[in-house]
1. Quick check, is Phe88 surrounded by 14 or more Cβ atoms within 10 Å (Cβ to Cβ), hydrophobic (A, V, I, L, M, F, W, C), assigned to a helix (DSSP H, G or I) and modelled with pLDDT of 80 or more?
2. Taking Ile443, is it at pLDDT 75 or above and either within 19 Å of Ala328 (Cβ to Cβ) or open to solvent by less than 30 Å² (accessible area, probe 1.4 Å) (or both)?
3. For the stretch 223-238, which residues satisfy the criterion of being touching a Leu at 6+ places or on another chain (Cβ under 8 Å) and either open to solvent by 100 Å² or more (accessible area, probe 1.4 Å) or at pLDDT 75 or above (or both)?
4. So, in the stretch 182-199, exactly how many residues are touching a residue at least 24 places away in the same chain (Cβ under 8 Å) and assigned to a helix (DSSP H, G or I)?
5. Go through the stretch 172-196 and give me each residue that's open to solvent by less than 10 Å² (accessible area, probe 1.4 Å) and under 15 Å from Phe18 (Cα atoms).
6. Give the residue that is farthest from Asn345 (Cα to Cα), with candidates limited to residues of the stretch 266-289 that are open to solvent by less than 50 Å² (accessible area, probe 1.4 Å), among the aromatic types (Phe, Trp, Tyr) and modelled with pLDDT of 90 or more.
7. If the Cβ limit is 8 Å and pairs must be 6+ apart or interchain, which residue in the stretch 325-345 that is more than 22 Å from Lys425 (Cβ to Cβ) and at pLDDT 75 or above pairs with which residue that is among the basic types (Lys, Arg) and open to solvent by 20 Å² or more (accessible area, probe 1.4 Å)?
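The values are calculated or read from the model by the stated rules, or taken from the named source; none is laboratory data. Note that this is a predicted model, so its numbers are computed, not measured. We place every Cβ from the backbone using ideal geometry, glycine too, and count neighbours over all the protein chains shown. Remember, those area values only see protein heavy atoms, side chains included, never the ligands or the DNA or RNA. Shrake-Rupley method; radii C 1.70, N 1.55, O 1.52, S 1.80 Å.
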Amino acid sequence: MEAYLTYAFKSALLLSIFWGIYTLFLKRETFFNINRWFLILGMLTAILLPLVEFHHIVYLQIPDTPATAVQGSTLDAIVAEQTDWWLFLFYIYIIGSAGFAIQFIIELLSVHRIIRSGKLIKQIDRVSYIEVKQETSPFSFFNTIVYNPEVLDRNEMDTILMHEHVHISQKHSLDMILASITKIVLWFNPISWMYKKGLAQNLEYIADFESCAQPGTSEKDYQYLLLNQLSGISNSIINPFFNSLIKKRILMLQKQRSQKRSSWKYALVLPFLAGFMLLFGFKTQVNYLPSNTTTIEAPTSVEANDPRGKVLQDTLPPLYIVNGKQQAPDFQISSIQTDNIKSINILKDQSGEKIYGEKGKNGVIIIELKNKATFRAVQTKEPNTFSVVGSKENPLIYIDGKEMPTDFDYNTIDPNEIDSVKVFKGKKAVENYGVKAIGGVLIITTKTQEK
């Protein structure tokens, strides 16, 4: 829901950019065919460009945030509140889109009903000419021209049909269908409404100029023809000959043709598109590396996406993949030296199960090491045994706050009695515990806090 609403916002922004440039710089130019493709490009860009993203991977070390810093109940409440808010907006959006989709279907059915009620007079080059009895303005829809011969003068008939034939030959109905779909998707943006109207206006300019360019057609007579009648149906998906844009169409016919040097204005959209991509198109993907201090709650698995980067335990263990190889169920992430980790990716929900089958239903943690030769999985009989690998010195061990002898074997501890383990490595260990901790520090807290 949140992702789709974000997509809709980006689409609305892109459509507004194209409409702004068209209104300010291109609307009064006579490059009608180029304007048509500019407006079509705007709709396609608004629909497709938000789907394009480039990911930059950044590796960050997990911060040393205590497990109790954020209470689980508080975090759940925040997430629930956000989810409800996005859900509310999504429902409003869906209701609006559904309303405009129903309106679009009604318009299609209305046009279909008018065509069905008429009589096929002739069919030339796949273009059907339908005569109807309704007092409607002549219009075209895909390969069909609909007109009422009783409301048209015989001398005007050929000119009007020629105008509608231009709409058919250039497939202007597809433009109007695309504009209607854009309006359904971006109904909350008033620009989408104006965009459709502006596109329809430009299509009429194209048909007017093409008709006037035909041999035997007088531009002055054509303008009188536009003024002669104003009648008929109002439908946003067809191209009626007589419509509310007649005054603007006459003024545009009288306008002096634009000079080619004005075509540079179309390039104005490029810096805006570049800015959009820089702002929204490049995503930073953060892969967290374990920090020098890692808290491991008692035995089991890893929860995938904790916002604090903390590795939590779950009831069932995830599947570990290290350098492309599946690890045993008793694998412990603490067996890998922190400095050797290149990246950690987490698959949760159904994504892990789709790739790795039944083994990945509890989540998959994919670990890639910098140097594959340095990894050595710890083989243990007990699933909860932990170890520190990669250190030449023995680690310093504290159990319930008491320092153990240097020859103490921590594998002798019953895993079921362990409540939590903290691991300090490298510089962090030496800073806190002195030179004797050069091999790392294990701070073990038992459930009974007794040795």
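1. Details: surrounded by 14 or more Cβ atoms within 10 Å (Cβ to Cβ): no; hydrophobic (A, V, I, L, M, F, W, C): yes; assigned to a helix (DSSP H, G or I): yes; modelled with pLDDT of 80 or more: yes.
Answer is no for this residue.
2. In short, no.
3. Gln223 - this is the single residue of the stretch 223-238 that is touching a Leu at 6+ places or on another chain (Cβ under 8 Å) and either open to solvent by 100 Å² or more (accessible area, probe 1.4 Å) or at pLDDT 75 or above (or both).
4. Result for the stretch 182-199: 11.
5. Within the stretch 172-196, Ala179, Thr182, Leu186, Ser192, Tyr195 meet the criteria.
6. Tyr266
7. Gln326/Lys359
Conditions tested, residue by residue: (1) over 24 Å from Lys196 (Cβ atoms); (2) touching a residue at least 12 places away in the same chain (Cβ under 8 Å).
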residue: Gln103; (1), (2): no, no
residue: Ser110; (1), (2): no, yes
residue: Tyr129; (1), (2): yes, yes
residue: Thr144; (1), (2): no, yes
residue: Thr159; (1), (2): yes, yes
